[in-house]
């Protein structure tokens, strides 16, 4: 079938298998062109199909030679529908890993559920025995509590007062004002249940009690702190409360890991173009401006560059970070970058947004998430959408 981008609101509902595969290859090639990392041997990546989770799996395998198990929640293709981008990313990664002689298997399902946790334990016991690094990188709008059965939904809202700012429509580059009403206490609670650290703690408790952790095991989850401009809607909003809970969960996890001499980290990464960032008012415009300024400063980093540096310079350095919170956002939050953003922010409008920001690159990076816009791909010819993940049964629906 001929595959082109299709949208439902801000969500891209199609993905291109060849484009996704080329994106994965580009990331692998970046890692292979850098120094080998004396790092983990057996890695579990919870949320492994895109973004920082996928980059962590790539760095673990092609940067450190590790075996990996990835947990994803993705849809395969049917005869008239493409798979999700995460499905194609995972298929490409597994095939590349196999071609290079590395172990890589994937479990497709709800990582919040007890069922997937049990399947993961069985696979670890049967194939790897012990795990020495756990990456927790889940981005989900909902979570069902495996104990109570209650389903929680996250909300993107400020806390306390309404938030008034500006945002950009990436379809037509128009900038408009936006006002977001404050969250209720229930919305705050549910967002923390979805995006906080509760499930990360459950995973670590499950793995520890099962005896599948290596001595000196490490685990890391990813967070975002952000700038003063995004603070009301992000860090001081519902998501920020959830991220604070995630960060504080390192205390409980470090207790869980004591018998294994383990260590829990949270890495605060830079802002990136993601499907969710395109849905957050203010954040889209902020990232478009950030892309331009950081590129001009020669400090911009892609997802794979951030994670390679996290492994090589922080977690597996000769003197690994002792702090539970690892700051990978120092370039974004430098005074130089933030002052330049503040100097421009108030003057941004529909007429000058293309000149003052890199909204063009934002759109390119957004489409790239779904395999579109890659220079090596001919999008005018038929593509086989029925691509399998080697270790996951293909099931059309």
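For the condition within 17 Å of the chain's Cα centre (by Cα) and either surrounded by 15 or more Cβ atoms within 10 Å (Cβ to Cβ) or modelled with pLDDT of 95 or more (or both), what is the one hit in 150, 119, 74?
Result: 74 is the single residue among 150, 119, 74 that is within 17 Å of the chain's Cα centre (by Cα) and either surrounded by 15 or more Cβ atoms within 10 Å (Cβ to Cβ) or modelled with pLDDT of 95 or more (or both).
This table checks each residue for (1) closer than 21 Å to residue 220 by Cα; (2) at pLDDT 95 or above; (3) surrounded by 24 or more Cβ atoms within 10 Å (Cβ to Cβ).
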{"site": "16", "(1), (2), (3)": "no, yes, yes"}
{"site": "20", "(1), (2), (3)": "no, yes, yes"}
{"site": "37", "(1), (2), (3)": "yes, yes, no"}
{"site": "43", "(1), (2), (3)": "yes, yes, yes"}
{"site": "68", "(1), (2), (3)": "yes, yes, yes"}
{"site": "84", "(1), (2), (3)": "no, yes, no"}
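For the stretch 283-307, what are the residues that are in a helix (DSSP H, G or I) and either more than 29 Å from residue 35 (Cα to Cα) or free of Cβ contacts under 8 Å to residues at least 60 places away in the same chain (or both)?
Scanning the stretch 283-307 gives 283, 284, 285, 286, 287, 288, 289, 290, 293, 294, 296.
Determine whether the stretch 84-101 contains at least one residue that is within 30 Å of residue 257 (Cα to Cα) and free of Cβ contacts under 8 Å to residues at least 12 places away in the same chain.
Taking every residue of the stretch 84-101 in turn, none turns out to be within 30 Å of residue 257 (Cα to Cα) and free of Cβ contacts under 8 Å to residues at least 12 places away in the same chain.
Restricting attention to the stretch 356-380, which residues are farther than 27 Å from residue 97 by Cα and either in contact (Cβ under 8 Å) with a residue 24 or more places away in the chain or in a loop (DSSP other than H, G, I, E, B) (or both)?
356, 357, 358, 359, 361, 362, 363, 380, listed by residue number.
Do we have any residue at all in the stretch 179-197 that's in contact with a strand residue (DSSP E or B) (Cβ under 9 Å, 6 or more places away or on another chain), part of a loop (DSSP other than H, G, I, E, B), touching a residue at least 40 places away in the same chain (Cβ under 8 Å) and buried (at least 20 other Cβ atoms within 10 Å of the Cβ)?
Looking through the stretch 179-197, at least one residue is in contact with a strand residue (DSSP E or B) (Cβ under 9 Å, 6 or more places away or on another chain), part of a loop (DSSP other than H, G, I, E, B), touching a residue at least 40 places away in the same chain (Cβ under 8 Å) and buried (at least 20 other Cβ atoms within 10 Å of the Cβ).
Out of the residues in the stretch 306-324 that are in contact with a helix residue (DSSP H, G or I) (Cβ under 7 Å, 6 or more places away or on another chain) and modelled with pLDDT of 95 or more, state the one that is surrounded by the most Cβ atoms within 10 Å (Cβ to Cβ).
307
The values are calculated or read from the model by the stated rules, or taken from the named source; none is laboratory data. This one's a predicted model, so the numbers in the text were calculated from it and none came from an experiment. All Cβ positions, glycine included, derive from the backbone under ideal geometry; neighbour counts span all protein chains shown.
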